[in-house]
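*Asks:* Would you mind keeping the following structure in view while I ask a few things?
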Amino acid sequence: MPSVSPPPWPATARYGLEPAPGGLGLVQDLLNTLPAGAPRQPDLLDDLDSATQWAHDVAARWSTATGRPAPDVTLDPAGLRALRTFRDELRYGIDARLHATPEAGPPEPAPAPRTTGATLRLDGNGSVHLDPAGTGAELLVSLVLAELFAAHLTDVGRRVKTCRNPRCQVAFYDRSRNNSGVWHSVRVCGLPANLRAHRARQRQAD
Ligand SMILES: [Zn+2]
């Protein structure tokens, strides 16, 4: 019997990337709503129509990945603004962890800590779950943070990365054994960058 593959994560699929496993794909997909790649893809959170479509699609995709009911994440204009701000905060933290170098100069001021609701639930088997809470954009933020929290507990959260190429910036899941990947694709972003660095060193030597 042919296996049925799940539908793609809508934003990550634009960049032809392997999604992060399970519900963690939601974190990667939010990051990949950004305009990135070459040629540049549009920002899926640019207007309410495309953001609403994206939120609907990821809620369904998250449900497929986790086997839980699809959350109602209907966005309104204020919710969309909040979601864009949250995406910037998420991105800031990952970039600061991965790409901060002394040459890059002082980093932009860090955003204020983000807090959101979630519920700890004890089930009949003695297991504890972190259930997202809220409605609309607030619920989406809670979902993303709950997934990231669960990923950090098993030490895979730091495998969600943004490409080191500043002109690319897509979010990928690093499946390398020692979590050493820095490019979303070595062929597309790594080799050209290494070649540029090599030529620069040659020019200096000449
Ligand atoms: Zn890249």
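*Asks:* Can you list the helices (runs of 4 or more DSSP H) lying wholly within the stretch 1-109 that have 2 or more residues being hydroxyl-bearing (Ser, Thr, Tyr) and within 26 Å of residue 134 (Cα to Cα)?
*Replies:* 48-66, 77-99
*Asks:* Tell me whether the stretch 177-185 contains one or more residues that are free of Cβ contacts under 8 Å to residues at least 40 places away in the same chain, of a type in the set (D, E, K, R) and open to solvent by less than 40 Å² (accessible area, probe 1.4 Å).
*Replies:* Kept after step one, since they are free of Cβ contacts under 8 Å to residues at least 40 places away in the same chain, are these residues of the stretch 177-185: 177-181, 183, 185.
Filter once more, keeping what is of a type in the set (D, E, K, R): 177.
Okay, now just the ones that are also open to solvent by less than 40 Å² (accessible area, probe 1.4 Å), so none.
The answer is no; no qualifying residue exists.
Condition check ((1) under 21 Å from residue 160 (Cα atoms); (2) open to solvent by 10 Å² or more (accessible area, probe 1.4 Å); (3) modelled with pLDDT under 95) across all residues:
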{"residue": "27", "(1), (2), (3)": "yes, no, no"}
{"residue": "39", "(1), (2), (3)": "no, yes, yes"}
{"residue": "43", "(1), (2), (3)": "yes, yes, no"}
{"residue": "53", "(1), (2), (3)": "no, yes, no"}
{"residue": "57", "(1), (2), (3)": "yes, yes, no"}
{"residue": "61", "(1), (2), (3)": "yes, yes, no"}
{"residue": "65", "(1), (2), (3)": "yes, yes, no"}
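Condition check ((1) among the small types (Gly, Ala, Ser); (2) without any contact (Cβ under 8 Å) to a residue 40 or more places away in the chain; (3) at negative phi; (4) exposed (fewer than 12 other Cβ atoms within 10 Å of the Cβ)) across all residues:
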{"residue": "96", "(1), (2), (3), (4)": "yes, yes, yes, no"}
{"residue": "112", "(1), (2), (3), (4)": "yes, yes, yes, yes"}
{"residue": "118", "(1), (2), (3), (4)": "yes, yes, yes, no"}
{"residue": "122", "(1), (2), (3), (4)": "no, yes, yes, yes"}
{"residue": "139", "(1), (2), (3), (4)": "no, no, yes, no"}
{"residue": "149", "(1), (2), (3), (4)": "no, yes, yes, no"}
{"residue": "153", "(1), (2), (3), (4)": "no, yes, yes, yes"}
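The values are calculated or read from the model by the stated rules, or taken from the named source; none is laboratory data. Since this is a predicted model, take the numbers as computed values, not measurements. Here Cβ is always computed from backbone atoms with ideal geometry, including for glycine, and neighbour counts include all displayed protein chains. For accessibility, only protein heavy atoms count, side chains too; no ligands or nucleic acids. Shrake-Rupley method; radii C 1.70, N 1.55, O 1.52, S 1.80 Å.
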